[in-house]
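Please read the structure below before turning to the comments.
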Amino acid sequence: MTTAIYTLTSQLHDASAVDAATQEFLGGLGIEYELKTCDFKDYGGHDLELIYVRTGGTERIFKNELPRMLRQSKQPFYLLTSGKSNSLAASMEILSYLRQQGLKGEILHGSNEYIKGRINTLQQVGKAMRALNGCHLGVIGEPSDWLISSAAKYRTIEDRLGIKIEHIDMDELLMLIDRVPADIESDLAPKAPNDTIGKSLTGAERIYEALRLIVEGYDLQGFTLRCFDLLTAVHNTGCVALAKFNAQGIVAGCEGDIPAMLSMMIAQAVTGKSGFQANPARINPETGEVLFAHCTIPLNMVDDYELDTHFESGIGVGIRGFMKPGPVTIFKASGGLGRHFAQEGMLVECQGNPDLCRTQLIIQLDDKEAAHYFLTNPIGNHHIIMPGRHKAVLDEIL
């Protein structure tokens, strides 16, 4: 991660005294940074930019530089202040001016520990935002008919995150599947528990190869697939293909769910992994325990996995994955980015009940009251399970 610190200094202050105070203050934060003084020509080219208001009397300097900064970056303005030489007063005047212009900003001020913690969070946010900017996502087929609340606002998504979304006809995928050789082998074959699954793996690999051609042809960083159409069209599922793409760094979502795909893209930008798209199957609102299930999971999220049929249809290949117990974050962004849900918890265990989708995770929410969200005001049914604790970063992004 790269953090640049740009300084604002009034000429009325003694330069050597200000430099000494700067060295003491920044050294006490214990962060890595590039010091840029007052030259803003490369502003916007780092994971995080901080504007260190070193003294009072710098408000006009900031105002003069603001047009160039706005041309070069869409990020909020983070004003770093040590509290010396009227630094805080100037920062407050600058932040007030930004608010009047409808711009976002924050003053980073307080103990060294507090400032360092905020900077660490903002560094992760900046890195994620840069990763999202310019992403190209595909929707293969229309969203599934039952996703009646899962629409997306494409213009808002592009304006805020820099993500472009394109629709791709399902017939194109079906045509490409027909062109893949029927005798293609699967690297998952040793995992097949019986001949039926073994034979279905060939069809699953044909789906994967056809999707790979679409990903390469459209230069996609991710996609969501109207996967249930494959059950009738080719008598198989996309579960294996999605598990493999996600493990390879290409976000791959189920059922044409655009908000879920968007949430997975954000999850990957934050953690390096797409996350597990699943829906709550059982909830205990008294204890905050939630069972999530789905028939595919990224292969880089599991310690082990088994192959089975797809749950609802009993055909094709589904994946029963086993994640290592530990801290997780449950996340979902709405299709218009106006709402999001992010809560942390502990993955207690993985189950393999035959009456649910194949991968089953039991998660104990840290805040048991958060379980009521799913029963009173959910953002659709699908949610994304991310390993680790990431609520602070997700809240900051959205």
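The values are calculated or read from the model by the stated rules, or taken from the named source; none is laboratory data. Note that the structure is predicted; figures quoted are calculated from it, not measured. Cβ: placed from backbone, ideal geometry, glycine included. Neighbour counts: every protein chain shown.
At a glance:
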| read-out | value |
| --- | --- |
| Matching entry among Leu201, Leu173 (being over 30 Å from Gly134 (Cα atoms) and either outside the structural domain of Met261 (by TED's automatic domain parsing) or buried (at least 20 other Cβ atoms within 10 Å of the Cβ) (or both)) | Leu201 |
| Among (1) among the hydrophobic types (A, V, I, L, M, F, W, C); (2) closer than 17 Å to His382 by Cα; (3) out of contact with any helix residue (DSSP H, G or I) (no Cβ under 6 Å at 6 or more places or on another chain) - the single one Met301 does not satisfy | (2) |
| Among the candidates Gln101, Gln124, residue that is surrounded by 18 or more Cβ atoms within 10 Å (Cβ to Cβ) and modelled with pLDDT of 90 or more | Gln124 |
| The range 23-48, residues that are outside any loop (DSSP other than H, G, I, E, B) and free of Cβ contacts under 8 Å to residues at least 60 places away in the same chain | Gln23, Glu24, Phe25, Leu26, Gly27, Glu34, Leu35, Lys36, Thr37 |
| Tally of residues being buried (at least 19 other Cβ atoms within 10 Å of the Cβ) and not in a strand (DSSP E or B) across the range 381-390 | 2 |
| Ile384 being within 22 Å of Leu242 (Cα to Cα) and out of contact with any His (no Cβ under 6 Å at 6 or more places or on another chain) | yes |
| Selection within the range 296-320 - more than 21 Å from the chain's Cα centre (by Cα) and within 14 Å of Gln277 (Cβ to Cβ) | Gly318, Ile319 |
| Enumerated strands (runs of 3 or more DSSP E) restricted to the range 267-346, each holding at least 3 residues that are within 25 Å of Gln123 (Cα to Cα) and assigned by TED's automatic domain parsing to the domain that holds Cys357 | 326-333 |
| Residue in the range 44-54 that is under 30 Å from Ala269 (Cα atoms) and charged (D, E, K, R) present | yes |
| Any chance Asn236 is over 18 Å from the mean Cα position of the chain (by Cα), buried (at least 24 other Cβ atoms within 10 Å of the Cβ) and either of a type outside the set (A, V, I, L, M) or closer than 17 Å to Ile214 by Cα (or both) | yes |
| Residues satisfying the stated conditions in the range 56-79, i.e. assigned to a strand (DSSP E or B) and either more than 30 Å from Thr156 (Cβ to Cβ) or of a type in the set (Phe, Trp, Tyr) (or both) | Phe77, Tyr78 |
| Qualifying residue in the range 351-364 (condition: touching a residue at least 40 places away in the same chain (Cβ under 8 Å), crowded, with 18+ Cβ neighbours inside 10 Å, assigned by TED's automatic domain parsing to the domain that holds Thr224 and at positive phi) | no |
| Matching entry among Glu93, Glu142 (being in the same structural domain as Ile266 (by TED's automatic domain parsing) and farther than 21 Å from Lys36 by Cβ) | Glu142 |
| Residue check, Asp257 closer than 29 Å to Leu213 by Cα, assigned by TED's automatic domain parsing to the domain that holds Ala192 and without any contact (Cβ under 8 Å) to a residue 24 or more places away in the chain | no |
| Failed criterion for Ala189 (all others in (1) free of Cβ contacts under 8 Å to residues at least 24 places away in the same chain; (2) under 29 Å from the mean Cα position of the chain (by Cα) hold) | (2) |
| Condition check for Pro76: touching a Lys or Arg at 6+ places or on another chain (Cβ under 6 Å) and either modelled with pLDDT of 90 or more or farther than 22 Å from Phe25 by Cα (or both) | yes |
